[in-house]
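Trainee: Pasting a structure here, questions to come.
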Amino acid sequence: MHKIKVVTMGGGTGTFPVVTALKKLDFDISAIVSVSDSGGSTGRIRDEFGFQPVGDLRQSLAALADLDSQEWIQKLLLYRFSKGNGLQGHNLGNLILTALQDMTGNTTQSLEIAEQIFNLDGSVIPVTASNVNLKIHYSDGTTAIGEHILDDESPEPKKIKKVSLVPNCVINPPAKEALLHADYIIIGPGDLYASLLATLAVDDGKEIFSQITGKIIYVLNLMTRLTQTHEMSAQQHVQKIEAALGKEVDYIVVNDQEIPQAVLETYAQSNEFPVVDDLKNDTRAVRAKLLYDQLIQKKEHDTSHRSLLRHDYSKLKNTFQEIMKKE
């Protein structure tokens, strides 16, 4: 019997609930992950060793762990040191992957070995084999290099026109193979520029997507982010994704669950708000109650930006099932 092949695309935090949902559906899962992160524990390790950043890759690996039988594998991969000279703030999973990179000299191979060591069913693939940084192109004509810049929350951030990867790079061959054979490709949720468009910015991305036959599902973000998507509506998010793909998506997953007022007020203090749903006449929109019922508190010594509000993997699972019944 043909096992449904699903490819996810994005960054670690957003990809985590999607991969967790897919695990419950027993699909053939490949997670294609951005590798332009330059902040937090990942950035520190990258600066010291010169390898591709591993933070988002590690989160996707952890998501592949079975929640019932591999709980401690997930805990190990996500564990962050709260003390220790030189260790404080570092993530154990990042250190394990860095050790494997150092031993193999190859990020893709190090992930394959990690999947074998931890007996994980699925693949995590860097979108490119090149060591790249994110280049941010602003609407005023200026540019900046480094994904960590998008964490600098100035009161009036400049509007972003697009992002690219430097130096120029092409898609990782295993990632290309996974996309060409996928039944479904799920993009998002995640930071629009830092995660999603960073994954789609390889030079041959549009060429690859012109050849795929799988259905594309875009999971819309719950909230805007001041430094990236301030005042951007759902339709504007979709337009950015489709411009990067060079084609339309087939389905747009939209949350229609009311966000608690106290949560809205917390986000409003950072000038971040729910993404306005202006897709009322778009027949591709699939609406569902998708909120995880607990706020995610950032761990001590974690210097990266984290969202308080997340998608619930069990609700995503049900939504993906409904979409796939239509095919």
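Trainee: Looking only at residues in segment 178-236 that are among the charged types (D, E, K, R) and part of a helix (DSSP H, G or I), which one is farthest from the chain's Cα centre (by Cα)? Talk me through it step by step, then tell me what you get.
Mentor: The initial filter retains those residues of segment 178-236 that are among the charged types (D, E, K, R), namely 183, 191, 203-204, 206-207, 215, 225, 231.
Then drop every residue that is not part of a helix (DSSP H, G or I), which leaves 206-207.
On the way: K206: 19, E207: 22 Å.
Of everything passing the filter in segment 178-236, E207 is farthest from the chain's Cα centre (by Cα).
Trainee: Do any strands (runs of 3 or more DSSP E) entirely within segment 73-177 hold 2 or more residues that are within 17 Å of the chain's Cα centre (by Cα) and closer than 29 Å to D203 by Cα, and if so, which? It would help to see each step written out before you state the result.
Mentor: Values: elements: 123-126, 133-138, 143-145, 160-166.
In segment 73-177, 123-126, 133-138, 160-166 are the strands (runs of 3 or more DSSP E) which contain 2 or more residues that are within 17 Å of the chain's Cα centre (by Cα) and closer than 29 Å to D203 by Cα.
Trainee: Moving on. Looking only at segment 16-72, filter to residues that are buried (at least 24 other Cβ atoms within 10 Å of the Cβ) and in a strand (DSSP E or B); which one of those is nearest to the chain's Cα centre (by Cα)?
Mentor: Here the residue is V33.
Trainee: Same structure again: Please work out which residue is nearest to A114 (Cα to Cα), limiting yourself to segment 73-101 and to residues that are surrounded by fewer than 17 Cβ atoms within 10 Å (Cβ to Cβ) and among the small types (G, A, S).
Mentor: This residue is A99.
Trainee: Mind checking which pairs have a first residue in segment 229-244 that is closer than 17 Å to G205 by Cα and a second that is modelled with pLDDT of 95 or more and assigned to a loop (DSSP other than H, G, I, E, B), Cβ under 6 Å, 6 or more apart or different chains?
Mentor: Close Cβ pairs satisfying both conditions: E242/E248; A244/L200.
Trainee: Of everything in segment 79-95, what is hydrophobic (A, V, I, L, M, F, W, C) and modelled with pLDDT of 80 or more? Give them in sequence order.
Mentor: F81, L92, L95
Trainee: Can you say whether D312 is of a type in the set (D, E, K, R), surrounded by 18 or more Cβ atoms within 10 Å (Cβ to Cβ) and modelled with pLDDT of 95 or more, as far as the supplied structure shows? Give the steps one after another, and end with the answer.
Mentor: Details: of a type in the set (D, E, K, R): yes; surrounded by 18 or more Cβ atoms within 10 Å (Cβ to Cβ): yes; modelled with pLDDT of 95 or more: yes.
So D312 fits the description; yes.
The values are calculated or read from the model by the stated rules, or taken from the named source; none is laboratory data. The shown structure was predicted, so the numbers you read here are calculated from the model rather than taken from an experiment. Methodologically, a virtual Cβ is constructed for each residue, glycine included, from the backbone with ideal geometry; neighbour enumeration extends over all protein chains shown.
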